[in-house]
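Shown next, in structure tokens, is the structure this report addresses.
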Amino acid sequence: MRDDKVQCQCCGKWMVPRPIFSRGIWSNGWRVGGGRVIGSICPFCLNEDWDGVERVHRGVLFKTLALAISVFLGYVYVFVREILKKTSRFW
Ligand SMILES: [Zn+2]
């Protein structure tokens, strides 16, 4: 096993991550821009999350945060609506 190989957290194979390049724009047969490395993927399962844990955790954290915020906003909306309903009764 060579040192430059890493184990993919998605398919469990040992591989060398393949870089992904940004595409750029084709104009008159010439490629304008692009060619920049924007990430890397596992050549077997083509998954960007081959290094696993950290990114997955960040995704879960983000989703939890987004859910918490949407639930909070939902509560605020209902709360404000209830207050408006109650106060408008007295007006
Ligand atoms: Zn893989």
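Points to keep in mind about this one:
- Fully extended contour minus Cα-Cα distance, from Lys85 to Trp26, at 0.36 nm per residue: 15.4 nm
- Exposed trypsin sites (Lys or Arg not before Pro) absent: longest stretch of the chain, with sites in DSSP loops and at most 12 other Cβ within 10 Å deemed exposed: 37-91
- Stokes-Einstein diffusion for the chain at 20 °C, viscosity 1.002 mPa s, with a Kirkwood radius from C-alpha pairs, works out to 121 µm²/s.
- Summarising the amide proton neighbourhood of Asp51: residues at separation of 5 or more, or on other chains, whose placed amide H is nearer than 5 Å comprise Gln9.
- Crossing angle, helix 53-90 versus the chain [Cα axis fit, 0-90 degrees, rounded to tens]: 20
- Listed by chain and number, the lysines whose C-alpha is less than 18 Å from the C-alpha of Lys13, apart from same-chain residues fewer than 8 away, are Lys5.
- Which of Gly39, Phe21, Ser70, positive extreme of dipole for the chain (C-beta unit charges): Ser70
- Length gained when the stretch Phe72-Val37 is fully extended (0.36 nm per residue, less Cα-Cα span): 8.8 nm
- Selected from Val80, Val37, Val16 as most flexible by GNM, with the chain as the system and alpha-carbon contacts under 10 Å: Val80
Every read-out reported here was derived from the displayed coordinates using simple, explicitly stated rules and does not represent laboratory data. Owing to the predicted nature of the structure, the values given are computational and were not obtained by experimental measurement. Glycine gets a Cβ as well: all are built from the backbone with ideal geometry, and neighbour counts include every protein chain shown.
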